[in-house]
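A.B. asks: I'd like to ask some things about the structure below.
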Amino acid sequence: MKTILRKKAVESHQWWNTAQSILQLGTLTGLLSLLGWLLAGTLGIAFATGTVLLTLWFLPRLSPAVLMRWHQGRLLRTEELPQLYQIQKDLAKRAGLVRSPALYYVPSSALNAFAVGNRQDGAIAVTDGLLRTLSYQEIRAVLAHEMTHLQHHDVSVMMLSSIVGRLIHWLAWFGIALILFSLPLSWLYGQPVPWSWLLLVIVAPWLSLLLQAGLSRTREFQADLGAARLTGDPQALIQALTKINPGSSAPVHPSGTTLLRSHPATSERIARLASISQTVWEPRDFLWWNFNRPSYWSWRKRRYGWQ
């Protein structure tokens, strides 16, 4: 018995995830531009556009080694874990990365792995707890998940969304202060109060939080699909997720709090992985296959006395 991928289901999920990501990131940058225009006109739009372009220029130049030091990560030498590096090289080749990402060790008992950088210059960290708990195939699936993040520039995308979200918060607070300060003047001179603008600057920070969380969940789903395609073994990732988040595989009822989560519920991730996989039976799975059967020609020799 083996598990195979349903290619059409994978392609359908990937197309939908890509469309969602473009819509979410586009709405986030559009919200920033709208706030900039309300507060400063064309100058505000230019500020928003310049900030996004500057962020896109700066993010690829962040050193993965520096980011790993912030997380207390130590570079793993090849001779320390040669099997892990072999997995890494194989997955990097399948993912079409320019070079294999560096591997870092984080001395933590938590079961975790994360990626920094991009497909040209990336790094993946694994914790001590992860290495001690997961099996070979499960670690391979987790590394493939992180490799997909690098392959699709997810780290840069999420950092960009975080910076845009912070700017939206700052502009919103500035807009609220500006409108509240101008209210007495509006009443004094009989000018209409811009209630729609006030409503927008109040709602904008919360909307940006929802968009950031939704984008993060979408990229996690996409990384799960990418890991399944790289390894061809979605079951290994399902088992890894079950071990990393024990007790989280139960169905989660929709609520307002789930909309603010950066990661999807484990049960939902497992359900999506199960929907793109199919179990098929091989002849060796049947009982008769395991018998020590004589070959056809040896049977003929015994039956007819052939030499």
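The values are calculated or read from the model by the stated rules, or taken from the named source; none is laboratory data. These numbers were taken from a predicted model, which means no experiment stands behind them. Neighbour counts run over all protein chains shown; Cβ positions are idealised from the backbone, glycine included.
A.B. asks: Have a look at Ala115, Ala102, Ala141 and point out the one that is of a type outside the set (Ser, Thr, Tyr), closer than 17 Å to Asn245 by Cβ and out of contact with any Lys or Arg (no Cβ under 8 Å at 6 or more places or on another chain). Spell out how you get there, then give the answer.
C.D. replies: Numbers: Ala115 fails: closer than 17 Å to Asn245 by Cβ; Ala102 fails: closer than 17 Å to Asn245 by Cβ.
Just a single option satisfies the conditions, and that option is Ala141.
A.B. asks: What do you reckon, is Ala240 within 26 Å of Arg6 (Cα to Cα), at pLDDT 80 or above and surrounded by fewer than 16 Cβ atoms within 10 Å (Cβ to Cβ)? Write out each step before concluding.
C.D. replies: Values: within 26 Å of Arg6 (Cα to Cα): yes; at pLDDT 80 or above: yes; surrounded by fewer than 16 Cβ atoms within 10 Å (Cβ to Cβ): no.
Here the answer is no, as Ala240 does not meet what is asked.
A.B. asks: Sticking with this structure for a sec: Looking at the structure I just gave you, is Ile202 crowded, with 16+ Cβ neighbours inside 10 Å and either among the β-branched types (Val, Ile, Thr) or free of Cβ contacts under 8 Å to residues at least 24 places away in the same chain (or both)? Break it down into steps so the answer makes sense when it comes.
C.D. replies: Details: crowded, with 16+ Cβ neighbours inside 10 Å: no; either among the β-branched types (Val, Ile, Thr) or free of Cβ contacts under 8 Å to residues at least 24 places away in the same chain (or both): yes.
Judged against the criteria, Ile202 is not a match.
A.B. asks: Still on this structure, I have one more. Going through Leu215, Leu178 one at a time, which residue ends up being surrounded by fewer than 20 Cβ atoms within 10 Å (Cβ to Cβ) and assigned to a helix (DSSP H, G or I)? Reasoning before the result, please.
C.D. replies: Details: Leu215 fails: surrounded by fewer than 20 Cβ atoms within 10 Å (Cβ to Cβ).
Going through Leu215, Leu178 in turn, the sole match is Leu178.
A.B. asks: Being over 22 Å from Gly26 (Cβ atoms), at pLDDT below 95, in a helix (DSSP H, G or I) and not hydroxyl-bearing (Ser, Thr, Tyr) narrows it down to one of Leu230, Leu225, so name that one.
C.D. replies: Values: Leu225 fails: over 22 Å from Gly26 (Cβ atoms).
Going through Leu230, Leu225 in turn, the sole match is Leu230.
A.B. asks: Here is a follow-up. Scan (1) more than 20 Å from the chain's Cα centre (by Cα); (2) closer than 26 Å to Tyr136 by Cβ; (3) surrounded by fewer than 14 Cβ atoms within 10 Å (Cβ to Cβ) for the single condition Gly96 breaks and write down its number.
C.D. replies: Just one mismatch for Gly96, condition (1).
A.B. asks: Has the stretch 76-90 got at least one residue that is touching a residue at least 60 places away in the same chain (Cβ under 8 Å) and in contact with a helix residue (DSSP H, G or I) (Cβ under 8 Å, 6 or more places away or on another chain)? Give the derivation first.
C.D. replies: First, pick out the residues of the stretch 76-90 that are touching a residue at least 60 places away in the same chain (Cβ under 8 Å): none.
So far as the stretch 76-90 goes, no, none of its residues is touching a residue at least 60 places away in the same chain (Cβ under 8 Å) and in contact with a helix residue (DSSP H, G or I) (Cβ under 8 Å, 6 or more places away or on another chain).
A.B. asks: Report whether or not Pro184 is at pLDDT below 85, surrounded by fewer than 22 Cβ atoms within 10 Å (Cβ to Cβ) and part of a loop (DSSP other than H, G, I, E, B). Please lay out each step first, then the result.
C.D. replies: Details: at pLDDT below 85: yes; surrounded by fewer than 22 Cβ atoms within 10 Å (Cβ to Cβ): yes; part of a loop (DSSP other than H, G, I, E, B): no.
Against the criterion (at pLDDT below 85, surrounded by fewer than 22 Cβ atoms within 10 Å (Cβ to Cβ) and part of a loop (DSSP other than H, G, I, E, B)), Pro184 does not qualify.
A.B. asks: Within the stretch 145-156, can you find the residues that are assigned to a helix (DSSP H, G or I) and either surrounded by fewer than 20 Cβ atoms within 10 Å (Cβ to Cβ) or of a type in the set (Ser, Thr, Tyr) (or both)? Break it down stepwise before answering.
C.D. replies: So the first thing to find is which residues in the stretch 145-156 are assigned to a helix (DSSP H, G or I), and the list is 145-151, 154-156.
Correct list: Thr148, Ser156.
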